[in-house]
Amino acid sequence: MDSISEALLAAQNKAAALFDAVVAEGLIQPGKLESELSLDIHGLAKSRFGLRRHWHKRVVRAGPNTLLAYNDHCEDRRIEADDIVYLDFGPVFEEWEADFGRSYALGADPVKQRLVADLSVAFQSGKALFQRTPDLTAGQLYDHVAELAIAAGWQFGAPTAGHLIGHFPHETEPGASRRFSIRHGNDLRLREVDKNGRERHWILEIHFIDRQRQIGGFLEELLTI
């Protein structure tokens, strides 16, 4: 593993430790507003992990708001006892970006628990496809995880399923929001190197939803390491 991969993995491991601490501290509680939980997590990250900066907005979604993707606007919602809650944070550790997302089913509803479990299964399937397909394109990976949603009885909830990650701020160029995202029709090969000949690293995002039940779930982490 090269030094860039090691740095990105170390950043992700710190983000995972933060999420573990959120659960251990019991911060995800019914009765809190989404905004209150976001502030609580930010405070924990600052006090325990020395975190000072996030490279994208902090996202906390609960109940019907979990149907919404990153760029969608929603009203601040109070968490209920049987909600799914998902977290999407982009902390910067020692100038390296992490992007980490997890979902939590607070109650005993088996459908919501299955939704959360299916996210992990889909992520592993997407990562396995990347590992065995040297010329895999961003569009092909998006189509794969979107099809997994349908096969499991869900819908895919976002127009993208991931993006570049790297040293803060990561690579960009005109039109990058489409070229450097995992989306239908994007023919960019995921293993194509950057303009300096360096390996690119990607985040894979899984967002499954059920519009009838008004629930969604989200998971993301590094694809390429």
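Each reported figure results from applying straightforward, stated rules to the coordinates on display, with no laboratory input. Bear in mind that the values here come from a model prediction, so they are computed numbers and not experimental data. Positions of Cβ are generated from backbone atoms using ideal geometry, with glycine treated the same way; all protein chains shown enter the neighbour counts.
A few remarks follow.
- Residues that are surrounded by fewer than 19 Cβ atoms within 10 Å (Cβ to Cβ) and closer than 19 Å to R52 by Cα, drawn from the stretch 21-34: A21
- When residues of the stretch 82-105 are limited to those that are within 15 Å of Q214 (Cα to Cα) and outside any strand (DSSP E or B), the one farthest from the chain's Cα centre (by Cα): D82
- Matching residues in the stretch 79-95 - criterion: being closer than 23 Å to H163 by Cβ, touching a strand residue (DSSP E or B) at 6+ places or on another chain (Cβ under 9 Å) and not hydrophobic (A, V, I, L, M, F, W, C): Y86, D88, G90, P91, E95
- A count restricted to the stretch 23-49 and to residues that are under 15 Å from R102 (Cβ atoms), part of a loop (DSSP other than H, G, I, E, B) and in contact (Cβ under 8 Å) with a residue 60 or more places away in the chain stands at 1.
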